[in-house]
Amino acid sequence: MTLPSSLPGRPLRLGTRGSPLALAQARMTAEALCARHGWESAMIETVVVQTSGDRIQDRALAEIGGKALWTKELDRALLAGEIDFAVHSMKDVETLRPDAIRIAAMLPRADVRDRLVGVDSFAALPERPVVGSSSPRRAAQVKRLRPDAEVILFRGNVATRLAKLAAGEAHATLLAAAGLDRLGQHDVGTAIPLDVMLPAPSQGAVGIETLSDNGEMLALLAAISDADTYDCVMAERAVLKGLSGTCHSPIAALAQLDGGAIVLRAEILSPDGQEVVREERVIARGASAEAEDLGRSLLERASPELRALFEA
């Protein structure tokens with residue numbers, strides 16, 4: 001079966017980062033497209049684009065440019081016509097996207113929880129434990145649960161972080177369950193209940209972007225989009241917009257369907273985890289204004305010190 005005549009007479013080029021997890025997510029996307037449209041695998045060519053976030057591993061993401069370090073090179077390749085669409089972990093995609101690029105689809109969401117790796121529970125950590133993480137959210141949540149913990153920088157892909165843990169650099173680390181599962185590492189770590197640790201906005205979701213004016217590509221991608229995942233993740237991203245959150249800001253959010261509505265929970269934390277502002281609302285699907293308002297409400301209830309994290 002061939003591609004629609006309005007598309008180029010060549011394989012569609014899928015842009016992705018080169019990490020094992022990114023490549024696994026790219027394969028998932030390619031397989032979903034081929035299955036949905038009856039294509040042979042040769043219809044899609046994977047184009048690996050190295051990002052600044054992959055190159056720079058010795059500093060916290062927030063210090064070197066934030067989430068744009070995962071997306072700007074893929075954005076450039078998309079805008080330059082070097083790729084036809086790009087695949088991302090949605091939690092790595094900035095809240096505000098260029099007008100020329102559209103989030104066209106999301107695959108069905110995986111496990112949204114974090115896993116604690118190295119020990120079975122936070123209570124099982126020794127006194128004054130060392131925990132490895134590069135996430136301000138995870139660091140703040142760990143310190144809320146274990147104020148005696150020291151959180152040290154753990155950057156790199158899943159294998160790199162696990163190797164650092166095995167080398168004794170920390171007593172424990174935290175990784176997304178979805179990423180571990182997609183790499184076949186189902187037995188690594190212990191899932192942390194959602195009432196103990198709320199995940200990052202968009203965690204567990206794979207998103208696919210293309211150019212806003214590429215109608216044919218938008219239609220092909222829409223055919224594989226999971227509407228439930230899309231609506232929930234977009235609600236979480238709207239909370240971020242209301243917060244004007246950055247990679248410096250400890251933010252957690254989760255939207256879950258309940259019948260025809262969305263139950264949206266979010267929290268912001270001080271870096272030491274000692275101040276936590278939470279809120280839960282039931283909103284309609286697609287009610288982005290209400291989700292944004294939840295974010296603003298969190299800020300209004302926060303201390304001046306916590307609010308200042310979101311005004312930088």
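Peptides 207-216, 172-181 ranked from most to least packed give 172-181, 207-216, packing being the mean of other C-beta atoms within 10 angstrom over each peptide's residues. Residues LEU183, LEU220 in ascending order of nearby Cβ atoms (within 10 Å, fewest first): LEU183, LEU220. With the simple spin-label model, which puts each label point 7 Å out from Cα in the Cβ direction, the GLU82 to ALA308 separation comes to 4.1 nm.
Hey, how many Å between the Cα centroid of region 80-97 and the Cα centroid of region 109-143? Cα centroid of region 80-97 versus Cα centroid of region 109-143: 28 Å apart. With both labels modelled 7 Å from their Cα along Cα-to-Cβ, the GLN50 to ASP99 distance reads 3.5 nm. Among GLU292, GLU236, sorting on how many other beta-carbon atoms sit within 10 Å of each Cβ, with the fewest leading, yields GLU292, GLU236. Which residue, chosen from HIS37, THR190, ASN157, occupies the Cα position most advanced towards the positive end of the dipole of the chain, where the dipole is computed from +1 (Lys, Arg) and -1 (Asp, Glu) charges on Cβ about the Cα centre? Farthest towards the positive end: ASN157.
Ordered by the count of other Cβ atoms within 10 Å of each Cβ, fewest first, LYS164, LYS72 give LYS72, LYS164.
In a fully extended conformation the segment linking LEU145 and ALA223 would gain 23.8 nm over its present Cα-Cα distance, using 0.36 nm per residue.
Comparing ILE283, SER303, GLY273 along the charge dipole axis of region 237-308, the residue lying farthest to the positive side is ILE283, per the Cβ-charge model. Take each peptide in 185-191, 115-121, 23-29, count the other Cβ atoms within 10 Å of every residue, and average; sorted highest first, the result is 23-29, 115-121, 185-191.
If you wrap region 126-188 in the convex hull of its Cα atoms and look at it from every side, the mean projected area works out to 4.3 nm². Placing +1 on each Lys and Arg Cβ and -1 on each Asp and Glu Cβ, with no other charges, gives the chain a dipole about its Cα centre of roughly 380 debye. Between ASP120 and ALA167, the simple spin-label model (points 7 angstrom out along Cα→Cβ) gives 2.9 nm. Electrostatic tally near ALA100: other residues with Cβ closer than 13 Å to its Cβ, Lys and Arg +1, Asp and Glu -1, net -1.
Helices of the chain meeting both criteria, an alpha-carbon length of 18 angstrom or more along the long axis and an average Kyte-Doolittle score not below -1.0, with helices taken as full DSSP H segments, are 20-37, 227-243, 288-301. Under 13 Å from a label point set 7 Å out along the Cα-to-Cβ vector of ASP181, the amide N atoms of region 109-144 belong to 109-115. Report note on the peptides 128-139, 260-271: ranked by the mean count of other C-beta atoms within 10 Å, highest first, their order is 128-139, 260-271.
A short reminder: the numbers here are calculations on the coordinates, not readings from a lab. As the structure is a computational prediction, the values presented were derived from the model and not from experiment. Here the Cβ is made from the backbone with ideal geometry for all residues, glycine too, and neighbour counts use every protein chain on show.
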